[in-house]
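Read the structure below first, then the notes.
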Amino acid sequence: MHDQAALRTEGIAEQLRTPPQAAATAAEGHRSPANGFPDQVQAPPRKPKDEAPPGEKYA
């Protein structure tokens, strides 16, 4: 199931909106929850693009 669909249909979004505030960690490929709930869902930083300078690729 797509992560946005899971947020809506499985009640995840409601739990992130309801006090006490829940926290979660998302995998690298599932950044949408982290974008929608940046204070509660942590996701690893994005990988740099291939054309990124070497300092960003190996930082």
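Looking at the structure I just gave you, is Glu28 loosely packed, with under 13 Cβ neighbours inside 10 Å, of a type outside the set (Phe, Trp, Tyr), modelled with pLDDT of 75 or more and over 11 Å from the mean Cα position of the chain (by Cα)?
No.
Kindly evaluate Leu7 against the criterion of being modelled with pLDDT of 80 or more, open to solvent by less than 90 Å² (accessible area, probe 1.4 Å) and over 11 Å from the mean Cα position of the chain (by Cα).
no
Please indicate, with yes or no, whether at least one residue in the stretch 48-58 is touching a strand residue (DSSP E or B) at 6+ places or on another chain (Cβ under 6 Å) and either of a type in the set (Phe, Trp, Tyr) or at pLDDT 75 or above (or both).
No, there is no match, as no residue in the stretch 48-58 is touching a strand residue (DSSP E or B) at 6+ places or on another chain (Cβ under 6 Å) and either of a type in the set (Phe, Trp, Tyr) or at pLDDT 75 or above (or both).
The values are calculated or read from the model by the stated rules, or taken from the named source; none is laboratory data. Owing to the predicted nature of the structure, the values given are computational and were not obtained by experimental measurement. FYI the Cβ positions are ideal-geometry reconstructions off the backbone, even for glycines, and counts take in every protein chain you see. Surface accessibility is based on the protein's heavy atoms, side chains included, excluding ligands, DNA and RNA. Shrake-Rupley method; radii C 1.70, N 1.55, O 1.52, S 1.80 Å.
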